[in-house]
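Just so it is clear, none of the values below were taken in a lab; they were calculated from the coordinates. Values in this document were obtained by computation on a predicted structure and should not be read as measured data. Cβ: placed from backbone, ideal geometry, glycine included. Neighbour counts: every protein chain shown.
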Amino acid sequence: MSDPAAAVGALLTAGAELTQLVQELGRSRREHPTDDLTSALVNSRVDGDCLSDSDLGSFFVLLVVAGNETTRNAISHGMKALCDFPAERARWMADFETLARPVEEIVRWATPVMHFRRTATRDTELSGQRIREGEKVVLWYTSANRDEAVFADPYRFDVGRTPSEHVGFGAPGPHFCLGANLARREITVMFRELFRRLPDLRITGEPTAAVRVHQRHQAHAVRVHARRPISLNYLKTPSSASFSRSSSVRLNNSVWTQSLSWPSSGPARS
Ligand code: HEM
C-alpha cells in the first residue's frame with residue numbers, strides 16, 4: 001500500500017477487527033472453557049482480578065504486534081549481517097548446534113525495538129544527569145547495544161560474542177520481553193532451515209529501510225527492512241541436505257539447483 005494514510009487506516013481497522021474477534025472468543029471461552037490459551041487468559045485470576053474484555057483485546061493486539069514485527073525483522077537484519085560478514089556465517093554454518101551465541105548476537109545487532117519511553121517514578125540521577133519524578137525518559141536500546149563500555153568492538157558482528165549482555169529484549173525486570181524464548185526459538189529454526197535448504201541465499205542489493213512507529217502512542221519504533229532483493233539456489237530435494245553436528249552443512253553434490261532471483265519488481269511491502 002503506497003499511501004501512508006491509507007496504510008495507517010487499514011492497520012487501525014485490522015486492529016479493531018482483531019480486538020472484536022478476540023473479545024467474542026473470550027466471551028465464548030468464559031462460558032465454555034477449553035484447554036486453549038484464550039480460556040486460560042479469561043478464566044485466570046491474579047489477586048482476585050481477571051482480564052476484562054477490553055484488557056483481553058489490548059493484550060491480544062500487543063501479542064500480535066510484539067511477536068510479529070520484532071522476530072521477523074530480527075531475522076531479516078540477521079540475514080543481512082550474515083551476508084555482510086561471510087566468515088561469521090561460515091562459522092555458524094559449520095557449528096550450528098553447538099554455537100549458542102549467534103541468536104543473541106543477531107538480536108543485539110538488529111535491535112528490532114529501537115526505543116521505549118518510560119516515566120520516572122521518583123527523582124534520580126543517571127550518569128550525572130538529574131531526572132525528576134514524572135519526567136519522560138527515552139531508552140535507546142540501539143545505543144545501549146553498541147555501548148563501547150559494555151561490548152568489545154561493538155560494531156563487529158561476532159556470532160561467538162561472549163559475554164553479551166545486550167538489552168535487545170529489554171532490561172532485566174518485570175517488563176522483560178515475555179516472548180524472548182519463543183523469539184530465540186523462531187530465529188534458530190529459521191536459520192537452521194535457511195542454511196539447510198537455501199545455503200546460497202545472498203542479498204543482491206541494499207534493502208529499503210523503513211521505520212515503523214506505533215502511531216497512537218509514538219511509543220516505540222521497530223527497525224524494518226521493507227523490501228530487499230536477494231538471489232538463491234532452490235534445492236529441489238531439501239531432504240538431501242543434512243547437518244552434521246561436528247562439522248558443516250553437508251549437501252549432496254548431485255542436487256539439482258535452479259537459480260531464482262527475488263524480484264526488484266512487484267509491490268513494495270510496508
Ligand atoms: C526478536 C524478537 C523480539 C524482540 C527484539 C523483543 C523486544 C522486546 C522489548 C525491547 C520489550 C520491552 C522490554 C522492557 O520494557 O524492558 C518487549 C516486551 C514484550 N514482548 Fe518482546 N520482543 C521480541 C519477541 C517477542 C515475541 C515473540 C513475543 C510474544 C509472542 C513478545 C511479547 C512481548 C510482550 C507481551 C512484551 C511486554 C512485556 C511487559 O511489558 O510485561 N516479544 N519485547
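Examine segment 41-51 for a residue that is touching a Phe, Trp or Tyr at 6+ places or on another chain (Cβ under 9 Å) and not hydroxyl-bearing (Ser, Thr, Tyr), and state whether such a residue exists. Lay out the reasoning, then the answer.
Taking segment 41-51 as the starting set, the residues that turn out to be touching a Phe, Trp or Tyr at 6+ places or on another chain (Cβ under 9 Å) are 41, 51.
So of that shortlist, the ones also not hydroxyl-bearing (Ser, Thr, Tyr) come out as 41, 51.
Scanning segment 41-51, I find at least one residue that is touching a Phe, Trp or Tyr at 6+ places or on another chain (Cβ under 9 Å) and not hydroxyl-bearing (Ser, Thr, Tyr), so the answer is yes.
Among the residues of segment 119-146, which ones are surrounded by 13 or more Cβ atoms within 10 Å (Cβ to Cβ) and part of a loop (DSSP other than H, G, I, E, B)?
ALA120, ASN145, ARG146
Go through segment 91-105 and give me each residue that's charged (D, E, K, R) and in contact with a Lys or Arg (Cβ under 8 Å, 6 or more places away or on another chain). Break it down into steps so the answer makes sense when it comes.
Of all residues in segment 91-105, those charged (D, E, K, R) come to 91, 95, 97, 101, 104-105.
Across segment 91-105, the qualifying residues are GLU97, ARG101, GLU104, GLU105.
Residue-by-condition table, conditions (1) more than 14 Å from the ligand (Cβ to nearest atom); (2) in contact (Cβ under 8 Å) with a residue 60 or more places away in the chain:
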residue: SER54; (1), (2): yes, no
residue: ALA66; (1), (2): no, yes
residue: THR71; (1), (2): no, yes
residue: CYS83; (1), (2): yes, yes
residue: ARG91; (1), (2): yes, yes
residue: ALA120; (1), (2): yes, no
residue: ASP123; (1), (2): yes, no
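Can you name the residue in segment 93-118 that is farther than 27 Å from LEU178 by Cα and assigned to a helix (DSSP H, G or I) and, of all such residues, is farthest from the ligand (Cβ to nearest atom)?
ALA94
What's the number of the only condition in (1) within 22 Å of ARG72 (Cα to Cα); (2) within 16 Å of the ligand (Cβ to nearest atom); (3) not hydroxyl-bearing (Ser, Thr, Tyr) that PHE195 fails to meet?
Just one mismatch for PHE195, condition (2).
Can you name the condition, by its number, that ARG185 falls short on among (1) away from the ligand (no atom under 16 Å from the Cβ); (2) of a type in the set (D, E, K, R); (3) within 24 Å of VAL64 (Cα to Cα)?
ARG185 satisfies all of (1) away from the ligand (no atom under 16 Å from the Cβ); (2) of a type in the set (D, E, K, R); (3) within 24 Å of VAL64 (Cα to Cα) except (1).
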